[in-house]
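The structure under discussion appears below in the form of structure tokens.
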Amino acid sequence: MSTALARDAAVLDGARVPATGMPNGMLPEQTAVELSDVSVTFGKGVHSVPALQPTKLRVPDGDFIALVGPSGCGKSTILKLVAGLIAPTSGVVLVGGREVSAKALRVGMAFQNPTLLPWLTIEKNVMLPLKIVEPFRAQFRSQRNNSFRDKVHALLAQVGLSGFANHFPWQLSGGMLQRANLCRALIHEPRLLLLDEPFGALDQFTREELWVVLQDLWQVRRPTVLLVTHDLKEAGFLANRICVMSARPGRILADRDVTFKRPRTIANTFEPAFVTLNQELREMIVAARAPAPTGSMGGR
Amino acid sequence: MTNGTLRRRAAAAALIVLFFAAWEVACLMFGVSDLILPRPSQVFATLWTRMPVLWPHVVQTLSTTMVGFVLGVLLGVLLGALIGSSRIAYDTAYPLLIGFSSIPKVAVVPIFVLWFGSGTVPAVLTSLAICFFPIVVNIATGLATTEPELEDVLKALGATKFDILWNVGLPRTMPFFFASLKVAISYAFVGTVLSETVASNRGIGNVMITASSNFNTPLVFAGLFILAALGIALYAMFSLIEMRVTGWANRKADLIAT
């Protein structure tokens with residue numbers, strides 16, 4: 001744990017820290033995720049559905065990228081590729097410099113549906129990844145949870161859930177569940193965090209609260225984040241870079257850097273520069289909703 | 001225990017007492033012969049005086065039921081886990097299972113008797129055959145309804161199939177499993193008595209069929225009362241276990257404290 005703390009402290013100083021020796025550290029590459037000419041087609045033969053056109057994407061370590069685009073454009077497909085949950089039809093997905101396989105990755109993931117286990121308390125729910133991911137898994141039995149419990153409580157406090165550790169999921173509101181869900185995705189200190197519309201089902205105010213929570217978590221822990229969203233404000237608020245995708249079969253139409261100073265506040269989202277960015281993205285997506293010209297992969 | 005549950009229980013008890021009282025009064029008022037319908041007081045008197053003779057049969061029926069039930073649970077869990085963890089197995093095996101379960105079980109008793117002779121074995125097999133199906137269905141349903149997103153989260157963590165089954169699949173199945181146990185224990189009971197009635201010289205089912213051929217109607221009803229009492233006792237037992245193990249599924253307010 002001391003290495004993780006040291007890393008966090010160093011990141012706050014603005015220094016890049018080699019990732020070796022970290023609990024779930026990937027290789028100390030500068031590039032966290034790299035898709036080279038990756039395409040995905042679901043099904044075979046005449047029934048095949050192209051989901052993703054050949055796509056290139058490079059994500060530096062510790063970066064925060066948002067994928068936006070019309071629905072069904074293959075945003076979630078990219079996340080599943082990076083998580084190693086599906087294999088590309090062509091091309092190579094590299095994570096931490098190695099070809100992906102879910103077993104070696106141990107990435108944190110969170111979806112719109114918080115999927116906490118109803119028979120476990122929030123504390124036990126957040127602890128679940130520690131039962132599965134090495135090196136915590138080996139310690140889980142011998143430790144009898146004490147240091148792990150402190151770890152969980154510290155993280156819960158960071159997202160404003162202290163005092164709810166012993167509650168059951170059904171006793172919490174949707175926003176609180178999503179906070180717990182973020183904790184579950186981060187508890188094993190993953191270097192890569194994949195978020196698939198995590199705040200999609202929440203009301204506007206709760207959503208904005210959670211943007212701030214997520215930004216804080218990211219600034220302290222500095223994982224590489226891939227965020228799929230259809231909320232352009234969310235993308236602008238959270239991300240360092242926004243990739244706009246076309247309608248299915250998806251491809252990346254535009255790759256915009258977002259340079260607003262951090263920590264960003266909700267008030268920032270009403271500033272002219274932010275609104276302009278929002279409008280530009282919106283126009284791109286509206287244009288992309290029209291059927292995209294079929295690429296070379298399209299009619300296979 | 002809160003006031004509400006106490007009142008509900010009192011109401012349930014009152015209804016039972018009222019039922020027996022109405023029965024007693026009706027028999028007296030219309031002068032019903034005890035050959036047709038004995039009064040509850042007569043049935044309870046018979047129960048009391050014949051208990052020493054009845055007791056071995058009670059033990060026989062109860063033990064046969066439990067053996068058939070335990071075997072049925074084992075078979076049901078095994079089949080349910082198999083069917084629930086794979087879509088293909090589910091689609092393949094389901095029609096056969098439905099076909100098997102829709103056979104009236106009284107029709108298979110003669111076959112069991114043919115194979116194993118009359119007595120305890122066909123009774124055990126009948127109760128097994130009749131009680132395993134609800135367990136299969138419930139286990140399979142519980143396993144098949146795991147959220148795909150949760151599975152993705154765990155797979156992305158590098159969880160094995162066993163990790164997912166152990167941490168998510170099985171606990172999620174527990175409420176389904178215990179609900180099915182309550183149904184299955186009643187079914188197992190039906191199976192045992194069915195088989196005892198057709199082909200056995202021991203057990204409550206046999207007592208009842210013998211008593212009925214002797215026109216000893218109070219004894220027939222005494223058998224019926226014993227079966228009802230045993231059925232309620234077993235059901236209550238499994239309800240209690242269910243509440244203990246899967247209270248989370250019932251969202252009771254008093255769980256907050258735990």
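The values are calculated or read from the model by the stated rules, or taken from the named source; none is laboratory data. None of these values were measured; they are calculated from a predicted model. Counting neighbours? That spans all protein chains shown, and the Cβs are built from the backbone with ideal geometry, glycine included. Ligands, DNA and RNA are excluded from the accessible area calculation, which covers all protein heavy atoms including side chains. Shrake-Rupley method; radii C 1.70, N 1.55, O 1.52, S 1.80 Å.
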### Summary
Heavy-atom accessible area with a 1.4 angstrom probe orders B:Thr126, B:Thr145, B:Thr92, most exposed first, as B:Thr92, B:Thr145, B:Thr126
### Task
Compute the long axis of helix B:3-30 from its Cα atoms, compare it with the longest principal axis of the Cα atoms of chain B, and write down the angle in degrees, 0 to 90, nearest 10.
30
#### Entry: Value of Rg/Rh across the protein assembly as shown [Cα atoms, Kirkwood radius]
1.13
## Note on the structure
A correct Stokes-Einstein calculation for the range B:40-257, using the alpha-carbon Kirkwood radius, 37 °C and 0.692 mPa s, returns a whole-number D in µm² s⁻¹ of 171
### Task
Calculate how steeply helix B:217-245 sits against the longest principal axis of the alpha-carbon atoms of chain B, using the helix alpha-carbon long axis, and give the answer as 0 to 90 degrees to the nearest 10.
20
### Query
Going by alpha carbons, how many degrees (0 to 90, nearest 10) lie between the helix axis of B:40-84 and the longest principal axis of chain B?
20
### Task
Could you go through the range B:132-138 in sequence order and give the Karplus-derived ³J(HN,Hα) for each residue, using 6.51 cos²θ - 1.76 cosθ + 1.60 with θ = phi - 60°, rounded to whole Hz, and x for Gly and Pro?
7, 5, x, 5, 4, 4, 6
## Note on the structure
Note on the protein assembly as shown, DSSP bridge orientation, antiparallel percent to nearest 5 equals 55
### Message
Roughly how large is the A-B contact in terms of buried accessible area, totalled over both chains, probe 1.4 Å, nearest 100 Å²?
### Response
2300
#### Entry: A:His230, B:His57, ranked by accessible area, largest first (probe 1.4 Å)
A:His230, B:His57
### Task
With a point put 7 Å past each Cα toward its Cβ, work out how far B:Thr145 is from B:Leu28 in nm, to one decimal.
5.0
### Task
Could you pull the accessible area for A:Glu283 with a 1.4 Å probe, rounded to 10 Å²?
130
### Message
How much length would be gained if the chain were fully extended between A:Phe140 and A:Ala157, taking 0.36 nm per residue of separation minus their Cα-Cα distance, in nm to one decimal?
### Response
3.9 nm
### Task
Can you tell me the dipole magnitude for the protein assembly as shown around its Cα centre, using point charges on the Cβ only (Lys, Arg +1; Asp, Glu -1), in Debye to the nearest 20?
480
### Query
With each run of n ≥ 4 DSSP H residues scored as -39500 (n - 2.57), what mean residue ellipticity at 222 nm is computed for the protein assembly as shown after dividing by its residue count and rounding to the nearest 500 deg cm²/dmol?
-18500 deg cm²/dmol
### Query
With the other protein chains left in place, how much accessible area per residue, in square angstrom, belongs to the protein assembly as shown at a 1.4 angstrom probe?
48
### Query
What percentage of the solvent-accessible surface of chain B, computed with a 1.4 Å probe over protein heavy atoms, is contributed by carbon and sulfur atoms?
73
